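First up is the structure itself, then whatever we jot down about it.
What follows draws every value from the coordinates through simple rules; no lab data is involved. Values in this document were obtained by computation on a predicted structure and should not be read as measured data. With ideal geometry, Cβ positions are generated from the backbone for all residues, glycine too; neighbour counts draw on all protein chains shown.
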Amino acid sequence: MNRIFLLICLSILLSSGMNLRADILPVVKLSGYWKFNIGDNPDWSKKDFNDSQWDEIRVPGHWEDQGYVEYDGYAWYRQSFEVPRELQNTQLYLFVDRIDDVSQVYFNGKLIGQAGLFPPRYKTGYNLSSTYPVPEELINFNGPNTIAVRVFDEGREGGFVGQKVVLGYERDNILLSQDLSGQWKFNIYYNRSCINPEFDDSNWDNIHVPATWESQGYKDFDGQACYRKKFKLNSKLIGEKLYLVCGIIDDEDQILLNGQLIGVTEDMYKTKLGDSFVGHWQIRRAYKIPDGLLNYSGINTLVVLVDDYGESGGIYEGPVGLMTRDQYRKYEDRHELEEWFPGHHFIKSLWFD
C-alpha cells in the first residue's frame, strides 16, 4: 500500500474523532433492544428499578428514528444481561461507541464513566468513543447485571449514534504475567514523602486503575496527583527480567518502585512505543525494572506521580502490570506504529500488507 495514501487515510480517521485505541475483545455483545424512557430521575440508575413499563428501542440507533422525532433533552436507557462465571478475575471493560450528546454510564447502580458535561456547564461528548473499566466487585457472576445510561441531547440526533456496545477484556492483558489493575490509593494533595515505601496512605482515597480520575469524582481537576499500589510478586516471576507496564497516562509521569525512580515519560522516546510527536497523553508507558530492585519475599510499593495539564487526567488506559522480556517485546512490536499514529493494531497490518 502506498505510504502517503495510508498517512492520508489515518489522518482522516483520527480527525473524525474515532477512538482507534479501543481494542476490546467482546464477551457480551449488548446491541439489540434496550429499555428506554424520556425524562430524568436518579432512581433510574438503580440495579433493581422496575422498568417493565418503559418503551424498547434499538441500540445502537438514534431515538429520532424510533418514534421520538425532534425530541431534545434527557433520556435513559437500561439493559440487563449475564456475565459468564469463567470471567472472574478478568478485568472487564464496557466499550461504548459514541453517544449524542452527553452520557453517564452506571453498572449495577454505580457510576463507572461519563462523556461530556451536563447542563448548566454543558459540553458535548458526541464524538467520544469511551472504554470504561468495570470494577470486579460490581459484577454479579451468578445472575443478572444492569447497565443504565443517562443521556442529554442538545439538538439534532440523540442516543447511541456509534456502531457498537460491548463488554469484554483488553487484548493486551493476556500479555501480562501479573495484573496490577484495580484498586489503588490516590491523592491530589501530596508532598514528596509519598514516594517512601513506608509512607502511610491509609487515609488516601481508593481509585480504580485504569480510568480517568474525572470519571471517579475528581471532575475538572488539573494538576499533580499521586497513585500508590502495594503488591506481592508472583513467585513464578522470581528471577525473570521484568518490565513494569503502566498503560497510557495523561499527561506526564514519574514512576518509582520501592523508592527508586525507574522511569519518566521522556524515557519512552528511546523505545518503539513513544515519540514526542504524538503527545505525552497518547504514549504507552513501559519501564524495565532494574535487577535486584524487586522484593521477592515481601511487599513491593509502586508509586506513580502524574502531572495533568488539562482535560482528562490519570492512568486512563491499560494494560497495567508486569511483563516478562518476551511478553514486552510482543507488546512493543504490536504497538510500535503508534509512534507515528496512535491507534488500533490494524494500522500495522495495513502498513506492511
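Numbers at a glance
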read-out: Long-range HN-HN contacts of residue 59 with modeled amide H, under 5 Å; value: 32, 33, 34
read-out: Segment residue 50-residue 37, extension gain: residue separation times 0.36 nm, minus the distance between their alpha carbons; value: 3.5 nm
read-out: DSSP-assigned coil residues among chymotrypsin sites (Phe, Trp or Tyr not before Pro) in region 107-136, each with at most 16 further Cβ atoms within 10 Å; value: 122
read-out: Listed residues 194, 246, 226, most fluctuating in the chain (Gaussian network, C-alpha, under 10 Å); value: 194
read-out: At q = 0.19, 0.20, 0.28 Å⁻¹, base-10 log of I(q)/I(0) for region 201-254 (Debye sum, equal scatterers on each alpha carbon); value: -0.87, -0.93, -1.38
read-out: Between region 166-184 and region 233-296, the alpha-carbon center distance in angstrom; value: 16
read-out: Gaussian network model of the chain, springs between alpha carbon atoms under 10 Å - residue of 71, 132, 328 with greatest fluctuation; value: 71
read-out: Sum of side-chain charges, residue 134 neighbourhood, beta-carbon under 15 Å (Lys, Arg +1; Asp, Glu -1); value: -4
read-out: 3J(HN,Hα) from dihedral phi, region 238-251, Karplus parametrisation 6.51/-1.76/1.60, rounded to Hz, x for glycine, proline; value: 4, x, 7, 7, 10, 10, 8, 9, 10, x, 10, 10, 10, 10
read-out: Exceeding the 24 Å Cα-Cα cut-off - candidates 164/272; 219/288; 241/270; value: 164/272; 219/288
read-out: Choice from 48, 308, 250 with maximal GNM fluctuation in the chain (Cα, 10 Å cutoff); value: 48
read-out: Ordering of 279-289, 181-191, 230-240 by packing [mean C-beta count within 10 Å, highest first]; value: 279-289, 181-191, 230-240
read-out: Region 176-352, relative contact order [Cα under 8 Å, separation at least 6], %; value: 33
read-out: Euclidean distance between Cα centres, region 60-75 to region 94-124, Å; value: 17
read-out: Degrees between helix 325-335 axis and first principal axis of the chain (Cα, 0 to 90, nearest 10); value: 40
